[in-house]
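Beneath this line is the structure, given in structure tokens, with notes to follow.
The values are calculated or read from the model by the stated rules, or taken from the named source; none is laboratory data. Remember, it's a predicted structure, so these values are computed and weren't measured experimentally. Methodologically, a virtual Cβ is constructed for each residue, glycine included, from the backbone with ideal geometry; neighbour enumeration extends over all protein chains shown. These accessible areas exclude ligands, DNA and RNA; they are computed on the full protein's heavy atoms, side chains included. Shrake-Rupley method; radii C 1.70, N 1.55, O 1.52, S 1.80 Å.
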Amino acid sequence: MTSTLVQRTGGLSADIDGDRLLRRIARLGRIGLDPETGGITREGFSAADCEARAYLMDEARDAGLLPTVDAAGNIIIRPRHTAYGDGRQVLMMGSHLDTVVNAGRLDGAYGVLAALEVVQAFEEGGIDSPYEPVAVAFANEEGALFPQPFWGSMAMAGRLAGLPREPRDHQGRRLRDALRRAGGDLDALGSAGWPHGSVAAYLELHVEQGPVLERSGSRIGVVDAITGRTVLTLEVRGAAGHSGTSPMKGRRDAMAAAARVVLAAEHIAGERALCRVATVGRIDPHPNTPNTIAGSVRMTVDLRDTDVWRAATAEETLRRMLDAIAASTGTEIEVVAETRSDPVSTSEVLRAAIERSADELGLPHEVLPSGAGHDAQMVADIAPIGMIFVPSLGGISHVPEEDTAPADLVAGARVLLRTALRTIGIGSEDRPDAPHTPHTPHTHSAPHIERHTTGS
Ligand code: GLV
Ligand code: MN
Ligand code: MN
């Protein structure tokens, strides 16, 4: 299977160690595990997340690699023999270690461990690469505890204006302190930014988290676009009161208003199909007792589409419906857009490289969009991006039952490695572009892989 690579790399072979990858996935999957539910809770910057981070850094060190932590808390793993910033452009691969509450073990973690495996394969294979292979574990992609999803990748992309100055978690605790414990530094956040052009390409391997590949029998997904996501945080304010003595007429029941908001979100994506999906996933009523009318409710609405204009129209329609709900229930509804990530297209060149790699490995593949958000969306600001999916059993994710067949996990990592080799110009006479001479560190130019935002 590696014969062509052996040839093309001048006698040097590179392959991933599938057993090692699966062992690491199993080991990482025990960190933050709730034995009762089988779910994993590793909210970004929580104690469990820090344990997972320490595990990754230990594995990297044991592999002879050099892990460091940037100011945003991203873990960056480089080959040891290269000094930091040795002048080469970087071929970056990665994903995130943090999870949602009661999650599966693969979302994010798989892509990080596969990236580690590829960088290790470069080292073990003695690959002389014109680009420095680097694995990254982005901090707080999910935003489960500190509600700033894509935290680490936004910082890397220099999107500091989109981040709050003094972020806090749902209980008001400062991100600053948690970040320091994880090895970061909020006051130096700017230093986590990478200039445009420093990353030749970014590749993210991930479980599909949906049913498409399993249904079609494809073993590999080649992502063409990643959905845009807007998360609105709503504060519904009514009037608390005794549930037994307050007449129905004249109530300003924040919970009743919130229920209408849930249905409005379902309506705009369901019946009206203004955006692909809309979800109220979090709802915190106050005081949350059986015999008191809710005085206020905090809730979120997550809206997604791969077209920015459709997403904007859906949001506008929802906001009008919220005004009507507030008027009819005697409540006030304050809306804050906590998160906005634009839909992005992946690089055509990297898509072709992924397809060729899957072909070489005899893996059936298909092109599909990603309904989930990914750090790649942020990295797209500074580099061309490519995304590889493997099938999710039952098409489910963000639940303990999330799983992928071991053979597919290993196959996905092999595709990542091949795509990486192809991207740096090894094993790729058929590479779609050849702007530089391979094996000439410091003298090459960027591979001119295009990127663009969809729908804008
Ligand atoms: C990120 O995991 C998302 O919710 O899409
Ligand atoms: Mn996720
Ligand atoms: Mn993910």
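Can you name the number of the only condition in (1) under 16 Å from residue 95 (Cα atoms); (2) surrounded by 20 or more Cβ atoms within 10 Å (Cβ to Cβ); (3) of a type outside the set (D, E, K, R); (4) within 16 Å of ligand 3 (Cβ to nearest atom) that residue 398 fails?
(2)
Just to check your reading of the model, which residue among 189, 163, 179 is at pLDDT 90 or above, more than 16 Å from ligand 2 (Cβ to nearest atom) and more than 15 Å from residue 49 (Cβ to Cβ)?
Only one candidate passes the filter, namely 189.
Taking residue 268 as meeting all but one of (1) crowded, with 19+ Cβ neighbours inside 10 Å; (2) under 30 Å from residue 90 (Cβ atoms), write down the number of the exception.
That leaves (2) as the condition not met.
Within segment 285-386, considering only strands (runs of 3 or more DSSP E) that don't extend past its boundaries, which have at least 1 residues that are open to solvent by less than 20 Å² (accessible area, probe 1.4 Å), in the same structural domain as residue 274 (by TED's automatic domain parsing) and within 26 Å of residue 216 (Cα to Cα)?
Of the strands (runs of 3 or more DSSP E) lying wholly inside segment 285-386, those with at least 1 residues that are open to solvent by less than 20 Å² (accessible area, probe 1.4 Å), in the same structural domain as residue 274 (by TED's automatic domain parsing) and within 26 Å of residue 216 (Cα to Cα) span 296-305.
Report, by residue number, each residue of segment 166-181 that is without any contact (Cβ under 8 Å) to a residue 24 or more places away in the chain and open to solvent by 100 Å² or more (accessible area, probe 1.4 Å).
Step one: list which residues in segment 166-181 are without any contact (Cβ under 8 Å) to a residue 24 or more places away in the chain, which gives 166-168, 171-174, 176-177, 180.
Answer for segment 166-181, where residues must be without any contact (Cβ under 8 Å) to a residue 24 or more places away in the chain and open to solvent by 100 Å² or more (accessible area, probe 1.4 Å): 168, 171, 173, 180.
Could you please give the count of residues in segment 191-248 that are open to solvent by 50 Å² or more (accessible area, probe 1.4 Å), outside any strand (DSSP E or B) and touching a helix residue (DSSP H, G or I) at 6+ places or on another chain (Cβ under 7 Å)?
So the count comes out to 2.
Test residue 116 against the criterion of being more than 14 Å from ligand 1 (Cβ to nearest atom) and in contact (Cβ under 8 Å) with a residue 40 or more places away in the chain, and give yes or no.
Details: more than 14 Å from ligand 1 (Cβ to nearest atom): yes; in contact (Cβ under 8 Å) with a residue 40 or more places away in the chain: yes.
Here the answer is yes, as residue 116 does meet what is asked.
How many of the residues making up segment 393-419 are free of Cβ contacts under 8 Å to residues at least 40 places away in the same chain and either within 16 Å of ligand 1 (Cβ to nearest atom) or not assigned by TED's automatic domain parsing to the domain that holds residue 354 (or both)? I'd like the intermediate steps shown before the answer.
As a first pass, look at segment 393-419 and keep what is free of Cβ contacts under 8 Å to residues at least 40 places away in the same chain: 405, 407.
Then drop every residue that is not either within 16 Å of ligand 1 (Cβ to nearest atom) or not assigned by TED's automatic domain parsing to the domain that holds residue 354 (or both), which leaves none.
Residues flagged as free of Cβ contacts under 8 Å to residues at least 40 places away in the same chain and either within 16 Å of ligand 1 (Cβ to nearest atom) or not assigned by TED's automatic domain parsing to the domain that holds residue 354 (or both) within segment 393-419 amount to 0.
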